[in-house]
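Data block below; observations after.
Each value in this text was obtained by applying a stated rule to the coordinates, not by laboratory testing. All values reported here derive from a predicted model rather than from experimental measurement. Glycine also receives a Cβ, built like all others from the backbone with ideal geometry; neighbour counts cover every protein chain displayed.
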Amino acid sequence: MSNIKQVGLAVGLLVIGQSGFAANAQQLAGRCASCHGANGVSSNPANPNLAGQKAPYLLKQMREFQSGKRVDSVMGAMMKGLSEADMDTLAIYYSKMK
Ligand code: HEC
């Protein structure tokens with residue numbers, strides 16, 4: 001794991017300790033629910049489940065969609081404009097779902 005990734009997760013874990021985390025995460029995830037499900041489980045087989053997936057894995061996928069390393073037109077567009085902290089928050093949020 002690179003240092004940058006560790007820093008990103010550390011920031012996210014700090015954010016979790018703050019009361020605003022849940023509200024912020026829910027707001028960010030509101031854009032994802034139509035495809036990935038409100039509880040991170042998708043009803044459409046074309047869309048992967050996110051619930052319970054490991055946070056570092058989710059963060060890596062989001063970074064790669066954003067950078068274009070992993071190519072998907074929908075997800076590339078979804079990640080546009082999200083900050084590192086936003087992606088971190090989303091990764092932790094979905095990883096904690098059952
Ligand atoms: C319009 C539908 C749609 C929306 C909205 C959407 N996604 Fe996705 N997402 C997909 C599809 C389809 C894939 C699979 C792409 C592929 O085949 O590579 C995917 C893949 C992913 C993956 C990779 C999962 C894995 O197991 O590799 C992550 C993480 C992810 N989405 C997060 C998000 C987040 C966070 C949001 C909200 C900010 C979001 N998505 C919004 C359709 C969507």
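Protection proxy ranking for 57-69, 26-38, using the average of other Cβ atoms within 10 Å per residue and placing the highest first: 57-69, 26-38.
Give, as ranges by residue number, the residues of segment 77-98 whose backbone N falls under 14 Å from the point 7 Å along Cα→Cβ of E64. Answer for segment 77-98: none. Between Y57 and K96, what is the label-to-label distance in nm when each label sits 7 Å out along the Cα-to-Cβ direction? The answer from the label model is 2.0 nm. Once backbone amide H atoms are built at 1.01 Å from N, S42 has N49, L50 as its partners under 5 Å, excluding neighbours fewer than 5 places away on the same chain.
Extension gain for V74 to N49 (0.36 nm times residue separation, less C-alpha to C-alpha distance): 7.4 nm.
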